[in-house]
Amino acid sequence: MQPTEPDYANHGEAIEAPVSDSIAWEASEYLQHNNGVWWYVAFFLIVVVLITFAVIFHFWTFIPVVLVMAVAAIIHVRRPPRVVHYQLGDDGFQIEDNLHPYTNYKSFSVIRDGAFFAILLIPSRRFAVSTIVYFDEADGEEIVDAFGARLPMENRDLDPLDRFLRLIRF
C-alpha cells in the first residue's frame, strides 16, 4: 500500500494574506542515488567509447575533456549530499547564507522527486536555472502556503534534462 500523497495542488494564484513570520527547516541539498557496480561499469564503458571516438577521428583535445568530465562526475556522484538550512522570509528565501529574492522567480510548483517532496521554483529570466528546494512531508503544508503567499503556483514537472539525470541516477 502506497502512502497517501498530500494535496498541494489546490493553490492557485498567490494568496493575498501577509506573511511576516519566517519559516526555517533543514533538508538534503539533493537526492543521492545508490549506484551499484553495474552503474560504474556502464559509466566506464561510455568513457571508453568517447575516448575511442576521439582517437579514431583525431580529436586529441577531446580526450582530456572527457577524462576531466569523468573524474568530476565520479566525484559528484560519490559525494554525499549536505544537509542544507532553508529559511523563508519577507524578502526572499535563503539557502544557507545565499538570499534568493522572490522577484527572481515567476512561480513555483510542488513536485514529487522519488520518495521526497520539493518546491520547483521557476525563474523569471529566460535562461536562468530553476531551483529545487526539498522539504519534509510533515512541514509541507506550511512551506507550500508560505511560498503560495508570495508566488503563484503552477502545475509543472521536472524539465527533460532533470528527468534524464534522474533516469541515469546521476
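Mind checking whether some residue in region 21-33 is modelled with pLDDT under 95, of a type in the set (D, E, K, R) and assigned to a strand (DSSP E or B)?
First, the residues of region 21-33 that are modelled with pLDDT under 95: 21-33.
Still in the list and also of a type in the set (D, E, K, R): 21, 26, 29.
Those left that are additionally assigned to a strand (DSSP E or B): 26.
There is at least one residue in region 21-33 that is modelled with pLDDT under 95, of a type in the set (D, E, K, R) and assigned to a strand (DSSP E or B).
With more than 30 Å from D97 (Cα to Cα) and either of a type in the set (K, R) or touching a residue at least 12 places away in the same chain (Cβ under 8 Å) (or both) as the only criterion, which of V83, V66, V49 stands out?
Details: V83 fails: more than 30 Å from D97 (Cα to Cα); V49 fails: either of a type in the set (K, R) or touching a residue at least 12 places away in the same chain (Cβ under 8 Å) (or both).
Going through V83, V66, V49 in turn, just one is more than 30 Å from D97 (Cα to Cα) and either of a type in the set (K, R) or touching a residue at least 12 places away in the same chain (Cβ under 8 Å) (or both): V66.
The values are calculated or read from the model by the stated rules, or taken from the named source; none is laboratory data. Values in this document were obtained by computation on a predicted structure and should not be read as measured data. With ideal geometry, Cβ positions are generated from the backbone for all residues, glycine too; neighbour counts draw on all protein chains shown.
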